[in-house]
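Written out below as C-alpha cells is the structure these notes cover.
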Amino acid sequence: MPRKEFEAFTRLDASDVNTYLMDQSVMTFADSGARGSAIDTPVEGMLTYLEDSKSYESYDGSSYVALASGGLDLIKSQTVGSAAASVVVSDVFSADYDNYKIVATGGVATLDGEFINLQLGATTTGYYQAMNQVTYANVGATRNVSNGASFAFGITGLNGMFGNAELFLPFQTKRTSMNSIFSSPATGGFYRVGSGFLNNATSYTAFTLVFANGTTTGGTIQVYGYKKA
C-alpha cells in the first residue's frame with residue numbers, strides 16, 4: 001500500500017486507521033501463534049516483533065521472514081563496588097546469544113598496573129591461554145597460562161580498569177574460547193593480545209573478574225551479546 005499523508009480537517013475512516021496506521025506500525029506479539037490469531041490476513045511489508053525470540057519479522061507477501069540482524073546488544077552494565085577484590089557478574093550468558101563481548105573501564109585501584117583475571121562460574125582450573133606482549137619501549141615477550149586458574153582479561157591501576165575480551169560459546173556445553181586485548185595506561189607499560197580456551201564442556205551463566213593484587217573501587221563492566229544471524 002502507498003504511504004498516505006492526512007490533511008487537516010479531513011475525515012478519518014476506520015479503513016484508513018487499519019490500513020495506513022495499524023498495518024504500517026510495528027506490532028508486538030508474545031510469539032508467532034499469538035500473531036497468527038491476531039492477524040487474519042497480513043499484507044506485504046507488515047512488520048512485527050516477537051517477544052519469545054526477540055526478533056523482528058516482516059511479511060513478504062507469502063510468509064513472515066526475519067530481518068537481517070547484526071551488531072551487539074547490551075545485556076548488562078554493572079558498577080564495581082567499593083574496595084572490591086573481585087566482582088561477580090551473574091545472569092549474562094543464555095541461549096539468546098552464542099558469543100559475547102566484555103568491556104571493563106573506569107574506577108581506581110589501590111595499586112598501579114595490577115592484572116584483572118576472568119573466571120567462568122566457579123571453575124578455577126583448566127584455563128589455557130597464549131599471549132604476545134610488546135612494551136612501549138618496543139621490547140617483546142610472550143606470556144602463557146597452562147591449566148591455570150583463570151584467563152588474563154585486563155589491567156587495573158590508578159588510571160582505572162582496562163579490560164576487553166570476547167567469549168565464544170560460554171552457555172553451550174562445549175569448550176569456551178576467549179580472545180583478549182588490553183594495554184597498560186602508563187609510560188612504562190605494554191600492549192598484550194592473546195587467545196585461549198577453558199578445557200571443559202560446561203554451560204555457564206556468569207563470570208567473575210578477580211583483581212590479582214589490591215582492590216578496585218568504581219568503574220563499569222559491560223557485557224554485550226553478538227546478535228545471531
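Structure notes:
- Evaluated against (1) under 21 Å from residue 226 (Cβ atoms); (2) among the aliphatic types (A, V, I, L, M); (3) at pLDDT below 95, residue 167 falls short on exactly one condition, (3).
- Residue that is modelled with the lowest pLDDT [pool: residues in the range 182-199 that are touching a Lys or Arg at 6+ places or on another chain (Cβ under 9 Å) and surrounded by 16 or more Cβ atoms within 10 Å (Cβ to Cβ)]: 184
- The residues listed here are 140, 160; of these, the one that is farther than 23 Å from residue 201 by Cα and touching a residue at least 40 places away in the same chain (Cβ under 8 Å) is 160.
- Within the range 157-173, tally of residues that are buried (at least 16 other Cβ atoms within 10 Å of the Cβ) and within 23 Å of residue 125 (Cα to Cα): 9
- Residue 137 falls short on exactly one of the conditions (1) buried (at least 18 other Cβ atoms within 10 Å of the Cβ); (2) farther than 23 Å from residue 123 by Cα; (3) aliphatic (A, V, I, L, M), and that condition is (1).
- Condition met for residue 130 (under 23 Å from residue 219 (Cβ atoms), in a strand (DSSP E or B), modelled with pLDDT of 95 or more and of a type in the set (A, V, I, L, M, F, W, C)): no
The values are calculated or read from the model by the stated rules, or taken from the named source; none is laboratory data. Please read all numbers here as calculations on a predicted model, not as lab measurements. Please note: Cβ atoms are built from the backbone with ideal geometry, for glycine as well, and neighbour counts cover all protein chains shown.
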